[in-house]
Each structure stands twice: as C-alpha cells, then as structure tokens.
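Heads up: the structure comes next, in structure tokens.
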Amino acid sequence: MKWEGRRQSDNVEDRRGMSTAGKVAIGGGTVGLLFLLVQLFLGGDSADMLNSLQNQMQQPTVQSGPVELTPEEKVLGDFASTVLADTEDIWHKLFQERGMTYREPKMVLFRDAVRTSCGGAQASSGPFYCPGDETVYMDMTFFNTLRQRFGARGGDFAIAYVIAHEVGHHVQNLLGILKETNNIRSQVGEVQANKVQVSTELQADFLAGVWAHHNQKYLEEGDAEEAINAAASVGDDNIQKQTQGYTVPESYTHGTSEQRVYWFTKGFRSGNISEGDTFRQNQ
Ligand SMILES: [Zn+2]
C-alpha cells in the first residue's frame with residue numbers, strides 16, 4: 001500500500017511504550033475483590049483466602065520502565081495511523097452520501113495488556129473493538145502471531161485489513177447493528193448466538209472490503225491478495241485445525257476461511273454497503 005508521507009489520524013493513542021505495571025487488573029482484580037466481599041460478608045476461613053487473594057493480586061504487578069520502540073515498531077505505528085486516517089476519509093464520505101454523519105473511532109496501540117471499558121484484555125485476545133468507548137484496540141504483537149501461527153504472509157495490507165475489520169465493527173455500532181445483535185444473542189441459545197456472531201463478523205469483513213474498494217488508488221499489486229490471505233488465515237476452521245487439530249462448526253464465532261474471503265471479496269468488488277446483508281445470506 002502506498003502510505004508513506006500521507007495523512008495520519010489524530011485519533012491514535014500509542015501505549016506500546018508504557019510501563020507494563022498496569023497489568024494488575026487483568027489477573028483477577030474485580031473477581032478477587034468480589035471474592036473478598038463474599039468472604040467478609042458470608043464468613044468462612046478468611047485468613048487463607050486473604051493470603052491467596054493478596055498473592056493473586058500482587059503477582060501480576062511486574063514493574064518495568066517505559067519501553068523504547070524499535071524503528072520497525074515505529075513504522076508499524078505510523079502505518080496503522082495512516083490506515084485509520086484512510087478509514088476516516090472513506091467512511092465520512094460513505095456516511096455523507098446517505099445523509100448521515102460519521103463519528104470517528106479512537107485507536108489504541110498496545111502490547112501485553114490493556115484496560116478498556118469492555119474490561120481488561122491480554123495480548124492473546126488479538127485486536128478488538130470496544131463499543132463502550134468507541135475504540136479499536138490493536139495489539140501489535142498479534143501480527144507476528146498472524147504470520148507465524150496461521151501462515152498469513154507478512155506485509156502491510158494484511159494489517160490494513162485487520163484495522164479495517166475493527167473499524168467495520170465501529171460502523172456497525174454507529175448503525176445500531178451491534179446493539180441489535182447483542183440483544184438477539186442474549187435471548188437465544190449458544191449455537192444460535194454463535195451464528196449471529198458469525199454474521200456480525202462476516203459483515204465486518206465485508207465492510208473492510210468496501211473500504212478497500214474505495215481506497216483503491218493507494219493499493220499496490222498484491223495488496224488485495226494479502227488481505228484475502230489474512231482473511232483466510234483467521235477463519236475459525238483454520239484456527240481450530242491449527243490449535244486443536246479438529247473443527248467444531250457449532251462453536252464458530254467468526255466464520256470459516258471460505259466465508260471470510262467470500263465476504264471481504266464481495267465488499268471489495270462492489271464497494272456498496274447495501275450488499276452486506278450477511279444475516280440473511282449466512283444461514
Ligand atoms: Zn471482528
């Protein structure tokens with residue numbers, strides 16, 4: 001992707017260089033606290049509980065100073081900011097065409113762990129979008145995992161696709177789709193809830209494709225293939241095969257490699273938001 005020297009987003013907060021001392025909440029802060037309250041109010045052998053609780057809460061507090069970013073990591077941050085700026089430009093335009101106003105999301109770059117209004121997250125959770133604070137959380141070490149573990153080829157557009165997918169969730173949030181799907185999911189059984197989630201995820205892939213369609217003047221040869229390759233590598237069937245050796249389709253939450261590639265490609269070819277009804281078509 002042609003990106004050097006272009007506009008970068010003002011909505012990026014880089015927490016990669018921060019001290020990792022903030023990890024403490026992840027281990028069991030809230031859970032531990034609840035546990036303590038239960039013990040205090042309901043009795044029980046509190047001394048032992050308190051000791052183990054204190055160990056639990058202290059253990060993750062590994063102090064370390066600010067971390068210096070490598071030149072490669074700095075480039076990665078600049079690239080991510082440029083991609084986010086491109087999503088802002090395109091989604092402002094597409095919303096405007098429909099008489100709506102696009103509200104830009106924030107993006108936090110982190111590694112190891114992060115606190116969000118959706119709860120704490122560890123690096124292993126990968127990139128995600130939190131509707132509560134309208135923020136895309138990008139765990140930058142995830143891209144190494146993507147490459148090493150699932151065979152996604154390295155290259156910038158794979159990263160752009162992942163950012164565009166998370167921004168796709170933000171678009172779903174602004175359009176009220178996330179709220180609706182969360183409602184439905186809370187009212188049905190697990191298998192059905194998973195299906196709804198798969199449709200939600202495939203639509204984010206579709207929206208990433210729509211974005212790429214409108215951003216074509218900055219694409220270089222091979223970029224679309226890189227995104228498709230990344231979409232294929234994060235299919236549930238591929239991930240389950242890699243991690244456990246077999247697949248359990250009822251447990252899919254993001255769709256198969258084939259579905260993810262299908263919907264990204266559909267968005268990329270048409271560029272038309274109205275063609276992304278993954279809820280009807282993914283039955
Ligand atoms: Zn997603």
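Structural remarks
- Prolate/oblate/rounded call for the stretch 196-281, Cα gyration tensor, a/c under 1.5 rounded: oblate
- With θ taken as phi - 60° and the Karplus curve 6.51 cos²θ - 1.76 cosθ + 1.60 applied, the whole-hertz 3J(HN,Hα) list for the stretch 236-242 is 4, 4, 5, 5, 5, 4, 5 Hz, x standing for glycine and proline.
- Kirkwood hydrodynamic radius of the stretch 136-257, Cα pairs, Å: 15.2 Å
- Amide H to amide H distances under 5 Å link TYR129 with TYR137, where only residues 5 or more positions off or on other chains count and H is placed in the peptide plane.
- The packing ranking, built from the mean of other Cβ atoms within 10 Å per residue, places the peptides 227-236, 71-80 in the order 227-236, 71-80, highest first.
- Mean Cα-pair separation over length for the stretch 157-246, i.e. relative contact order, pairs under 8 Å, 6 or more apart, %: 40 percent
- Phi to ³J(HN,Hα) by Karplus 6.51 cos²θ - 1.76 cosθ + 1.60 over the stretch 160-166, Hz, x for Gly, Pro: 4, 4, 5, 4, 5, 5, 5
- For TYR102, net neighbour charge (Lys/Arg +1, Asp/Glu -1) across residues whose Cβ lies under 9 Å away: 0
- Once backbone amide H atoms are built at 1.01 Å from N, THR116 has ALA121 as its partners under 5 Å, excluding neighbours fewer than 5 places away on the same chain.
- Two-site FRET efficiency, GLU220 against ASN182, from Cβ-Cβ distance with R₀ of 35 Å, rounded to 0.05: 0.40
All of the numbers you see were taken from the coordinates with simple rules; none came from a lab. None of the values given here were measured: they were computed from a predicted structure. Cβ coordinates were reconstructed from backbone atoms using ideal geometry, including for glycine residues, and neighbour counts include every protein chain displayed.
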